[in-house]
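Read the structure below first, then the notes.
Quick note: the coordinates plus some simple rules give every number you see, no bench work behind them. Quick caveat, the model's predicted, so the values are computed rather than measured. Ideal geometry is used to build each Cβ from the backbone, glycine not excepted, and the neighbour counts take in all protein chains shown.
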Amino acid sequence: MVFFRQALYFFLILLCWLIPSVGFGDQVIFEENFESGWGDYWSADNGVWEIGTPTEGPEIAYEGNSCAGTNLDGFYPGNTNSNLISPIIELPEVGPSQSISIQFMQWYKYSWYGNWTGKDLPAGLIHISSFNNSTKQWEQWNVLGSISTNSSGWRTAKFDITTYSKQKIKFYFYHIGKESGSNPVDLGWYIDDIKIVLQNIPASFTGNFESGWEGWSISNGVWEVGTPFSGPEEAYQGNQCVGTELDGFFPSFTDTRLISPIIGLPPVAPPEEIRLRFWQWFSYYSFFQKSNFLIIMEETLKSLLITIRQIYGSHGKRSI
């Protein structure tokens, strides 16, 4: 009996170490690591995406031996747009304290994308589409997120798709292979370790990141959760925090958002107040490298985006 308990204890520790991105009690609805190749249901249009062992770009898959990439052994061909298309996935119904997210690892390197306005243009888009049971047609896709320039390594991407519960969906990784004098071809986009997860929303909001992502999500794959080895070199409390790069400089030409889970606020009566407070550490080279704190207030048919505060320059630990 003692041996059995010890074996179970070490098995649970090993399990938590192997799947740090999925919390306790969460359910994996769909996963793909491309170790079996294309399978029967993955597809691509315009013949750019490949599945196998990369010899260029990241040079290794994130896990195992295989991943998907726009060209596994060199630059992607110029002026070619191409979708990597998932199989059909049926999402379950969610309860009042549950959410569904899609998360995956990505590596990408594109030459700087811009136009005459100076605005960055995406080099890749993550799309999602749902099946309309009434019309028996797939709906127009919606954009979950985008990528551009350079990821500087394998990065996590995570998007909330709770609004698609009880529906059949497909998602697409849309590579935009534009080539011109100012935008030469490059190593492109690689995808691995895809999961769709039914998550339990914590009963109370903590935001200390000691248990990992805790329902948070990101766009453009720069934010990381873990122990910092650069910047502040330690979390404000505990062992973990969230940062744009935990072991060095953030990659250039990357705009990214760290997005909180849905938080239900209680009613208040004067003189009571509800305040948002957190600790931050930041260092930016100039005013042109800066961050915004944003809050989205959901109303009946629209969302209002408010800038709370903008930061730039360099500061140590500060409360806001």
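Using R0 = 25 Å, the C-beta based FRET efficiency linking N133 and S260 works out to 0.20.
Across region 133-167, no residue has a backbone nitrogen under 16 Å from the label position 7 Å along the beta-carbon direction of W38.
The D45 and R277 beta-carbon pair, evaluated with R₀ = 51 Å, returns a calculated FRET efficiency of approximately 0.60. Residues whose amide H lies under 5 Å from that of G74, counting only those 5 or more places away or on a different chain, are E56; hydrogens are built 1.01 Å from N in the peptide plane. With all pairs of different C-alpha atoms in the average, the Kirkwood value for the hydrodynamic radius of region 40-152 is 16.7 Å. For G215, nonlocal amide neighbours, meaning residues 5 or more places apart or on other chains whose placed amide H falls under 5 Å from its own, do not occur. Charged neighbours of E139, selected by a Cβ distance under 14 Å, balance to +3 (K, R count +1; D, E count -1). The label-point distance for V143 and E233, in a model that sets each label 7 Å from Cα toward Cβ, rounds to 4.1 nm.
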